Amino acid sequence: MKILALGALAALAAVMGVQAQPAATSCADLVNLKLPHVTISEAVMSTGGAGGFCKVLGSAHPTADSDIRFEVVIPEQWNGRYLQVGNGGFAGVIPERSMMAPLALGYAVAGTDDGHEDTINTDASWALNHPEKVIDFGYRALKETTDAAKAIITADKGTQPRYSYFQGCSDGGREALMEAQRYPNDFNGIVAGDPANHWTHLLAGAAWGYQALTATPDSYLSLDKLKLVEAAAVKQCGDEYGVIEDPQTCRFNPDKLRCVSGDAPTCLTTAQLAALRKIYDGPKNPRTGEKLLSGFSPGGEGEDNGWGRWITGTTPDGKSALIYQFASNFFGNVVLADPNYDLKRLNFDTDIAMTDAKVGAVFNSYSPDLSAFRAHGGKLIQYHGWADPAIPALDSVDYFRLVQKTMGSTSAFYRLFMAPGMLHCGGGPGPNILSVLPAIATWVEENKAPDMILATKYKNSDATGGALRTRPLCVYPARAVWDGKGDKTKAESFRCAAHLTVQ
């Protein structure tokens, strides 16, 4: 009788045009789930999240040299949504910290280590003579994790996710745009923050800055000099909170800081000004004059986690800077198979062309053709901090404009939001905690495109410390303008306007 009943239900589902869903599998039994080249090592119930969750650990082995570790967490009180989170730097660990907040909201969430284990995410020694691991990091680990996670969720719940989302910042932003370009049918909504999607040229830009800062013994910019620069830029173009609303309209001239005689704490030498100007200008091909990457914007130079951490480092040799470490590892271990490679040797003509030809397709997600993602009905939100010291904010503007030039108006599926005074993926003097996940979910599920995104400045950049200010982030190229009468600490006192003035 039981067999007949199940058969009758299946027949009824077929007649009604409804696809029969698989029966749910208990969390513990997921270790027995069979997936192509995937091993599930652990599946246990844990407390927390939305009343408890199933935690699944596994690894994918699409090649003999691949070991892509991933984690999937599925709440008991599931909202029917799947979220995959991106990594930072060269990855090497599963980004569990990024997974917990959406889990508590009812999302099933997954993340991966991108195919290698390393807790120092500036290190790329894992890539030396391991071309398959390079591909895993570039894009394959993303797809392996997506397919495995969706299969695990479906097995656990007996139904597929109703909506699928991807969210990441930095390298995770590169991964987000890689998903939209390489796997356009996998996600309904994608959030790309401060994306490193121009990867090969971004790390060429890091070498450019390093060469500028070490051009002469007097070229290095100390943290005190960076604070001097930021103060001068804010005095000319910023507000009372130390925020430059739109650096594109700021015609900051650092020559006003030139030392009259020798060096002093209150001025910049000719060599320091030359280094600063090259960082603002960005790398160019010395033979053709072609721009390889936009330079960094004024604002944020002297902040904690600003230029001193990312661009200049804390020592005059520049090697303590994070982007130096990323670039030296990339060109040494990935591109040239020479771990001792000296970035001072990098040629911004032939070496960049060689790098693009060799690994550009693996690392870069800079294609302006998002037509397949649009045709799938996908929605994309990109954001970038104007004061980002790791990835030039203007490179997001350049990519956005390139997509518009290629595809025409993007407002129906792709919008860019720029965050004044925000450093790399957060921090800085401006409001820097962004309500992006609710915005992309509303756009996908209710077809309500976001005209603004709320940004909040918390005390000590910690949400538990209480909100100090809120501001709207407007759809680029619009910017938030104070209404002239309301409380400047409240988002409702601002409107979005396209008017630009040069300062």
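The values are calculated or read from the model by the stated rules, or taken from the named source; none is laboratory data. Please read all numbers here as calculations on a predicted model, not as lab measurements. So basically every Cβ, Gly included, is an ideal-geometry build from the backbone, and we count neighbours across all protein chains shown.
General observations
- Unique residue being of a type outside the set (Gly, Ala, Ser), buried (at least 20 other Cβ atoms within 10 Å of the Cβ), touching a residue at least 24 places away in the same chain (Cβ under 8 Å) and in contact with a Ser or Thr (Cβ under 9 Å, 6 or more places away or on another chain) when the list is 137, 166: 166
- Subset of the range 249-265 [crowded, with 17+ Cβ neighbours inside 10 Å and out of contact with any strand residue (DSSP E or B) (no Cβ under 7 Å at 6 or more places or on another chain)]: 250, 252
- Which listed residue, of 356, 398, is assigned to a helix (DSSP H, G or I), assigned by TED's automatic domain parsing to the domain that holds residue 180, acidic (Asp, Glu) and out of contact with any Phe, Trp or Tyr (no Cβ under 6 Å at 6 or more places or on another chain): 398
- Selection within the range 197-247: residues that are aromatic (Phe, Trp, Tyr) and part of a helix (DSSP H, G or I). The member of this set that is farthest from residue 270 (Cα to Cα) is 199.
- The set of residues from the range 266-313 being at positive phi and surrounded by 16 or more Cβ atoms within 10 Å (Cβ to Cβ) comprises 282, 299, 300, 305, 313.
- Residue in the range 55-77 that is surrounded by the fewest Cβ atoms within 10 Å (Cβ to Cβ), counting only those that are among the hydrophobic types (A, V, I, L, M, F, W, C) and in contact with a strand residue (DSSP E or B) (Cβ under 8 Å, 6 or more places away or on another chain): 57
- For the criterion of being touching a helix residue (DSSP H, G or I) at 6+ places or on another chain (Cβ under 6 Å) and over 30 Å from residue 321 (Cα atoms), residue 438 fails.
- The condition of being surrounded by 22 or more Cβ atoms within 10 Å (Cβ to Cβ), assigned by TED's automatic domain parsing to the domain that holds residue 356 and either under 25 Å from residue 426 (Cβ atoms) or in contact with a strand residue (DSSP E or B) (Cβ under 8 Å, 6 or more places away or on another chain) (or both) holds for only one of 209, 189, 242, that being 209.
- Residues located in the range 228-242, provided they are without any contact (Cβ under 8 Å) to a residue 40 or more places away in the chain and in contact with a helix residue (DSSP H, G or I) (Cβ under 8 Å, 6 or more places away or on another chain): 232
- Every residue from the range 457-468 that is closer than 25 Å to residue 396 by Cα and assigned to a strand (DSSP E or B): 457
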